[in-house]
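Asks: Take a look at this one; I'll ask things after.
What follows draws every value from the coordinates through simple rules; no lab data is involved. All of these numbers come straight from a predicted model, not from anything done at the bench. Quick reminder, even Gly has a Cβ in these numbers, built from the backbone with ideal geometry, and neighbours come from all protein chains shown.
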Amino acid sequence: MSAKDDLENDYYAILGVPSSATADEIKKAYRKLARTYHPDANKGDAAAEERFKDISAAYDVLSDDKRRKEYDELRRLGASGFRFPGGGGAGTTYDMGDVFGGGGGAGPGMGDLGDLLGGLFGRGGRRPSPSGPRRGADVESDVRLSFREAVSGVTVPLRLTTDGPCGTCHGSGAKPGTTPRTCPTCQGSGQVSRNVAAGFAFAEPCHGCGGRGQVVDDPCPTCHGSGQTSHTRTVHARIPAGVKDGQRIRLKGKGSPGTRGAPNGDLYITVHVASHPLFGRKGDHLTLTVPVTFPEAALGADIAVPTLDGSPVTLRVPAGTSSGRTFRVKGRGVAKHDGSTGDLLVTVEVSVPHRVSGAARSALETYRDETAGDNPREDLFLEAGR
């Protein structure tokens, strides 16, 4: 993408979010669009592939706080028009390569603008040759775990389809036995200068070679000259213990392969955790609600309580325990990063029988008569009268 394109592209519009969007809103918009336009879901659809590339380029900038700030500043400068003091009347051409390098003697402020543009577009001076080494693309994937797997950790196999060097031509794009030739238009740089409004010259990909710096006269029959083919592989991803629902995990170097010796991209896994019929989670603690009988709550009892690892523990319920009270069982929660473990928080609820008959009913009636003077709602009326 040329500098002119970078300046003119509205990355917020591409993702369909306002310029005031939060990082979470940007991420949600990107993930929704990426799923819709991903090449794997649109086989052979060139338009969808281009749209996916635009979406990825927009997210690369807007998801990085520093680059987003620089992009916003660049848009502001572009909207007001560039003004370079120190000479250069109508018709003077400023090569943006000089701007990126911060030199050229075009007057004060040029170095700052060069730093801004270079930092935003990752050029660190001049744009690297498109035919040179290029880091592999990052890959997004989702994984669904059971509640138990998320708490204890698990290794899951992921089937990924990514682009990589063609196995037939080894990434050259040329038919085996032939070699690409240097592009005569750009002399192998992959870029040409283009004059635009206000007398500026922007570097953009060479149309003669598509920005590759080389021309393939006899294309590879497998990749048709692109040098890239889709590869399906299985990655065994280790999900650490204690992962939370919605957490995003980065696996360095597990993304798409780089070209010409450049490093691979990264794999980002978004974890979705299923609920459990008994246990819940509160940070690094597990939660559990356990029913107790009225005699157990009133008189006290030792009760067996299940744990997620399958081995029950004995919980002592003291006499006079009220319904809704929570007890803590140490070390039976979620593993933490520091090697310690959270707790199991057990909440007791008094279970009231639906039917009472016979001797049990008589005993309860006797208990009622013996405690007739005790009114647990007396304080309510005193407070209501204030």
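Asks: Determine the sum of side-chain charges near Ala237: Lys and Arg each +1, Asp and Glu each -1, restricted to other residues whose C-beta is under 14 angstrom from that of Ala237.
Replies: Details: positive: Arg144, Arg159, Arg233, Arg238, Arg248, Arg250, Lys252, Lys254; negative: Glu140, Asp142, Glu149, Asp266.
Charge balance in the 14 Å sphere: +4.
Asks: Continuing with the same structure: Can you pull the Rg over Rh of segment 280-384, Cα-only, Kirkwood?
Replies: 1.11
Asks: Give me the net charge for the shell around Ala174: Cβ to Cβ below 11 angstrom, other residues only, Lys and Arg +1, Asp and Glu -1.
Replies: Numbers: positive: Lys175, Arg181; negative: Asp217, Asp218.
For residues surrounding Ala174, the net value is 0.
Asks: Non-local amide H neighbours of Gly213 (under 5 Å, H modeled in plane, Pro and chain starts lacking H): which ones?
Replies: It is Gly190, by chain and number.
Asks: Could you name the lysines whose alpha carbon sits less than 24 Å from that of Lys28, not counting residues in the same chain fewer than 8 places away?
Replies: Once the sequence-local lysines are set aside, what remains near Lys28 is Lys43, Lys53, Lys66, Lys69, Lys244, Lys252, Lys254.
Asks: What list of ³J(HN,Hα) couplings, whole Hz, do you get for segment 334-343 from phi and the Karplus terms 6.51, -1.76, 1.60, once you set θ to phi - 60° and write x for glycine and proline?
Replies: 9, 5, 9, 5, 7, x, 7, 10, x, 10
Asks: Further, regarding this structure: Around Val139, which amide H atoms from residues at least 5 apart in sequence, or from another chain, sit under 5 Å from its own amide H, with H modelled in the peptide plane?
Replies: When sequence neighbours closer than 5 places are left aside, the close amide H contacts are Ser256, Asp266, Leu267, Tyr268.
Asks: Taking H as built 1.01 Å from N, whose amide H comes closer than 5 Å to the amide H of His231, not counting residues under 5 places away?
Replies: The list, which skips near neighbours in sequence, is Thr162, Asp163, Gly164.
Asks: Let me have the relative contact order for segment 318-386, percent, based on Cα pairs under 8 Å that are six or more residues apart.
Replies: Once normalised by length, the contact order is 23 percent.
Asks: Order these peptides, 62-74, 216-228, by their mean beta-carbon neighbour count within 10 angstrom, highest first.
Replies: 216-228, 62-74
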